[in-house]
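A quick write-up on the structure given underneath.
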Amino acid sequence: MSQAFTKAMARNIFYGGSVFFFLLFLALTFDSEATFPERDNRQNITESVAMGKRLWEENNCIGCHTLLGEGAYFAPELGNAYKRLGGREGIMAFIMSRPKDGVPGRRSMPQFNFTQEELEALADFLKYVSEINTADWPPNIQG
Amino acid sequence: MDSQTRAWLRPCTWTWLVMVCLTLVTWLLGVSGAQGLWVALLVLGFALLKGQLVGDWFMGLHGVSGFWRWVVSLWLLLVGSLVSIAFVISSGVLN
Amino acid sequence: MQYKSQAVAKLYFIAAIGLFVGQILFGVILGLQYVIGDFLFPEIPFNVARMVHTNLLIVWLLFGFMGAAYYLVPEEAERELVSPGLAVLMFWVFLIAGALTILGYLLVPYSGLAQMTGNDLLPTMGREFLEQPTITKIGIVVVALAFLYNIGMTILSGRKTVVNLVLLIGLVGLAVFFLFSFYNPDNLVKDKYYWWWVVHLWVEGVWELILGSILAFVLIKTTGVDREVIEKWLYVIIAMTLITGIIGTGHHYYWIGTPDYWQWWGSVFSAMEPIPFFMMTVFAFNMVNRRRRNHPNKAAVLWALGTAVMAFLGAGVWGFLHTLAPVNYYTHGTQITAAHGHMAFYGAYVMIVLTMISYAMPMLRGRKAASSNRSQVLEMWSFWLMTVSMVFITLFLTGAGILQTYLQRYSDTPLPFMVVQEKIELFYWMREVAGVVFLIGLLVYIASFFVGTKEPEVVLEQTDA
Amino acid sequence: MSDKLVAAQVRHYPPGDLAVWILIMAELLVFALFFAAYGFTRMGHVALFNQYQATLDRTAAVANTLALITASYFVVRAVAAIREGNSRHSARWLWAGVGMGVLFLFIKGGEYAEHLSHGINLSTNTFYMFYLSLTFFHFMHVIVGVIVLVILAVKVGQGRYSAAEHADVESGASYWHMVDLVWLILFPLVYVMH
């Protein structure tokens, strides 16, 4: 009955604890997957939305912006850009309006020279994102 | 059976009996439809008492001195106060 | 150095330090772009500089981990590496692939890079920290497999210590979870959900095993405390890490389209994530206080203790600051996150790699145990310069974040993002100054390798009383 | 008073391995946070919590409480037996504890099946979220506890422990009592208090 603090028991707890919590994590993941259809707006993922996501990725937009709060903190949140910029037209107009050489002394989004189809895809993508159920985040329209 | 083990086992048996009784009382309170803050706090009190008995006797902390003697008691105190604060506030008796 | 093949670690460490310099240079550029918006525009836009900054960090830490593994595994396993040649070959493969990727970022527009590398075939690019072209990602997997083969076979055919096994589990986990970087569905919610399986389960999961085992190794070597004691604490600490950290992933699942219950699961478990870091701090100081000898490499001991403290502050305390869902609702994606990210990465992972380099480099350069006194003094100066300036970077970013959170998220009349950015410019300037001091500290660090090389090393004092 | 008893009176550590007690503290802390979260969230949804609490099967919960405290008592008997060096009795008590643990899992599993058939899940409402989270998290602990008891019962049955050397049995017993302890609070909080 002497007090013990053994390596063997510490090891058991490490292995047991890791497996236990990983299985629990998998169970919660399984449940999350089941709820996604009600929240992730998948019914609106059109080909244009998919193309917009690809454009979003291949131009590294996440390198300046956040999307649903994740990304870089150099430029505004875009999860609600669809609402803030006034819909698809507003988004497309803003992207097109960026000067090629930037604005002296200020941050400015590059001019990407997108085609009309690409602009629409990006706008569709941001519209889709804005309709994901994010538990009322962000707190206000400013993102 | 040596005296030390017997000295531990007897209160454990009592602990078990007391816990069974408290559980049944809790159940009766539940099915009787008794309502209100005081019933809730009484039920919580029973639970805390049961917890203390488990810590003291089943876990054997009664015979330990120092920090470990109070691990379970402190936990019960923490849980008991947080839960009762929440229940007291939500019952509206403070208003 | 007891085994010849440990020498390959030197290559990895030198590359790590070189890339570290690159990372910090780009950090200083980024800091300047925060206040002079058109700095280097459009040649090196912010997103490119940031990508270089973060990817260099990841790559040099991986170099550091691999170097650490090549150094400590032979010593723990009590045998030579299975294949030192493979280790050297993989070094060059990884270095060249990494350099080409970084050059690609800098010289080609990102969309062009995506096209050149066939991102259409298996689109994985353009997600934070995982910006590497798919072909680079495949290269990383190949390098990781070769590395794991080399390390794994050495461990399995040699003495199996806890330090070795924990390191191996950490490295295998690193490779396994990286595979989720190849999963990139059109569905943004699922994309983000599994993206965290790479990012969170790396830095708040398996990387902590690597951190723990390297720290344990250095403590065993420098304090002379009984291996049994250190190893059992290592187990307890990493057990707590995974117990809290795995479900702690939930603190990223609050606002990305995932079910609401993550706000509770994530808050409860991530609130406990500081505990293992706190245990690590107590553990490190305890072991050093119970030391059975004074190791001549004082700098290494300083780095080891610094790691424990700064990891607790950066990952533990600064993580806790914004991990609870009701707080995170307002702070999510603000400079608070940046503050936490800077101190956590520096405190936990930068410092553990520098600890290992500090401990191993003297031996790798042919000394018995430590550098000369002059070199160590300079190294300790660099420790304080970098660590204190990182504390200030964190504080200034925290100040910026608090203001940003209030003005943009919390006040009755929330202001637009760019308006707020201008209002908090002063904090960005101060951060930039601290960043320059950090760079100076890094240069001092590098200088410490070149001074006093001819002077005798510090001698070991025995204190077996 | 024997020397052993005197020695026992100045014990500074609880029975079993200290590593297990560190785990027990961590687990208790997690549950404390969850209990507090339940209490404080309930403040904003009293009517909802009361309404859906009434849909739970209290009789099953009482049966489960009795099963767990009885299992704990059996484990106490098992520890007492092994302290006397009586492996045979100890193993028997451990198997009895396993039986009670399995009974708990069976009853709770029945409740879950019932919920599932009504389409109730974590996202149904805040009450069910807490109820399912708390009880399922605890449910998984009971599974682990049962596995631990089975391993111990087998090893004790093989005579691997003695009156002098049985720290593992005490460690496993302490863990099991923790699982019991958590349920003692969980049961009134989630099923009864309103």
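FYI, it's all coordinate maths here, none of it is from the lab. Note that the structure is predicted; figures quoted are calculated from it, not measured. Here the Cβ positions follow ideal geometry from the backbone for every residue, glycine too, while neighbour counts run over all protein chains shown.
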Mean per-residue count of partner chain Cβ within 10 Å for C:347-355 equals 0
Between the alpha carbon centres of the range C:78-94 and the range C:355-371 the gap in Å comes to 20 Å
So, over other residues within a Cβ distance under 15 Å of C:Ala348, counting Lys, Arg +1 and Asp, Glu -1, the net charge is -3
Hull surface over four for the Cα convex hull of the range A:1-140, reported in nm², is 14.3 nm²
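Give the average, rounded to an integer, of partner chain Cβ atoms located within 10 angstrom of each Cβ in D:39-45.
So the per-residue partner count for this stretch is 4.
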The range C:98-190: relative contact order from alpha carbon pairs under 8 Å, six or more residues apart, as a whole percent, is 26 percent
Per the helix-only model, chain D has a calculated mean residue ellipticity at 222 nm (DSSP H runs of ≥4, -39500 (n - 2.57) each, divided over all residues, rounded to the nearest 500) of -27000 deg cm²/dmol
Taking a straight Cα-to-Cα line shorter than 16 Å from C:Lys368, and setting aside same-chain aspartates and glutamates fewer than 8 residues away, one finds C:Glu75, C:Glu455, C:Glu457, C:Glu461
Taking max minus min of the Cα coordinates of the protein assembly as shown on each principal axis, largest first, gives extents in Å of 86, 70, 48
Reduced to Cα centres, the span from the range A:81-143 to the range D:69-134 in Å works out to 54 Å
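Going by average Cβ neighbours within 10 Å, how do the peptides A:85-98, C:267-280, A:44-57 rank, with the highest at the top?
Sorting A:85-98, C:267-280, A:44-57 by mean packing, highest first, produces C:267-280, A:44-57, A:85-98.
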Residue separation between D:Arg58 and D:Phe106 times 0.36 nm, minus their alpha-carbon distance, gives in nm 15.8 nm
So, for the Cα atoms of the range D:5-72, Rg and Dmax in Å stand at 18.5, 55
Listing D:His194, D:His118 by rising number of other beta-carbon atoms within 10 angstrom, fewest first, gives D:His118, D:His194
Mean projected area, convex hull of alpha-carbon positions in chain C, reported to one decimal in nm², is 21.6 nm²
Of all C-alpha pairs within the range C:1-160, those more than 23 angstrom apart amount in percent to 45 percent
Taking only the alpha-carbon atoms of chain D, the convex hull volume per residue, in cubic angstrom, is 125 Å³
P(r) over all Cα-Cα pairs of the range B:12-89, 10 Å bins from 0 to the longest distance, whole percent per bin, short to long, reads 18, 41, 32, 9, 0
In Å³ per residue, the alpha-carbon convex hull of the range C:75-182 encloses 103 Å³
For the range A:41-143, averaging the sequence separation of alpha carbon pairs under 8 Å that lie six or more residues apart and dividing by its residue count, the contact order in percent is 37 percent
Working note, the range C:239-390: Cα radius of gyration (Å, one decimal) and Dmax (Å, whole number) are 18.4, 58
One would report the Cα pair-distance distribution of the range C:332-452, bin width 5 Å, in %, as 2, 11, 17, 18, 13, 11, 8, 7, 5, 4, 2, 1, 0
The exposure ranking of D:His166, B:His62, fewest beta-carbon neighbours within 10 Å first, is B:His62, D:His166
Per-residue Cβ contact counts at 10 Å, fewest first, order C:Glu43, D:Glu114 as C:Glu43, D:Glu114
Computed, not fitted: 222 nm per-residue ellipticity of chain C from DSSP H runs ≥ 4 (each -39500 (n - 2.57)), nearest 500, equal to -23000 deg cm²/dmol
Note: D:113-123 gets an average of partner chain Cβ contacts (10 Å, Cβ to Cβ) equal to 2
Beyond 15 Å, the calculated P(r) of the range D:66-175 holds a percent of Cα-Cα pairs equal to 63 percent
Bounding extents of the range A:76-143 in its principal axis frame from Cα atoms, largest first in Å, are 39, 30, 14
Chain B: relative contact order from alpha carbon pairs under 8 Å, six or more residues apart, as a whole percent, is 28 percent
Counting Lys and Arg as +1 and Asp and Glu as -1 over every other residue whose Cβ sits under 9 Å from the Cβ of D:Asp17, the net charge comes to -2
C:Asp38 and A:Gln43 label points (each 7 Å along its Cα→Cβ direction) are spaced in nm at 4.8 nm
Whole-Å distance linking the alpha carbon centroid of the range C:256-308 with that of the range C:104-179 is 26 Å
Total charge of the residues flanking D:Asp168 in space, meaning their Cβ is under 14 Å from its Cβ, with Lys and Arg +1 and Asp and Glu -1, is +2
